[in-house]
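Engineer: If you scroll down you'll find the structure; I have some questions about it.
The values are calculated or read from the model by the stated rules, or taken from the named source; none is laboratory data. Predicted model only: the values in this text are computed from it and were never measured. So basically every Cβ, Gly included, is an ideal-geometry build from the backbone, and we count neighbours across all protein chains shown.
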Amino acid sequence: MAKATSKTTAASHSPNQTKSSVPKGNQVFLFDKSNYTWMIGGVVLILIGLVLMAGGKSPDPTKFNYDEIYSFRRITLAPIIMMIGFAMEVYAIMKKPVVSE
């Protein structure tokens, strides 16, 4: 009798079975489309901030270019844009999805 049970459990976990991506029963997703839109917008702003911070390499490694390293774009603008992106991420996570009945 133990062999029959082990065959049944082995058959139920066979690699040929595929899992469906269709929600079963009363399953609801944690986020809706607007949440994902806000998340993508936040990630884009964070990436823009990182790109704005990049650069500043001097052609001569023995000289320090103070104005290029400590420019308004790198010290003020890029961090503000990144913080707005992080705030959008927090908002996207905390926003409750619209419930349709």
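Engineer: List pairs: first in region 36-64 and under 11 Å from GLU89 (Cβ atoms), second modelled with pLDDT of 95 or more and of a type in the set (Asp, Glu), Cβ under 7 Å, 6+ apart or cross-chain?
Structural biologist: The qualifying pairs are MET39/GLU89; GLY42/GLU89.
Engineer: Mind checking which residues of region 81-101 are surrounded by 13 or more Cβ atoms within 10 Å (Cβ to Cβ) and either in contact with a His (Cβ under 7 Å, 6 or more places away or on another chain) or not acidic (Asp, Glu) (or both)?
Structural biologist: Within region 81-101, ILE81, MET82, MET83, ILE84, GLY85, PHE86, MET88, TYR91, ALA92, ILE93, LYS95, PRO97 qualify.
Engineer: Could I ask something else about it? Whether any residue in region 65-81 is free of Cβ contacts under 8 Å to residues at least 24 places away in the same chain, of a type in the set (Lys, Arg) and not in a helix (DSSP H, G or I) is what I want to check.
Structural biologist: No, region 65-81 has no match at all.
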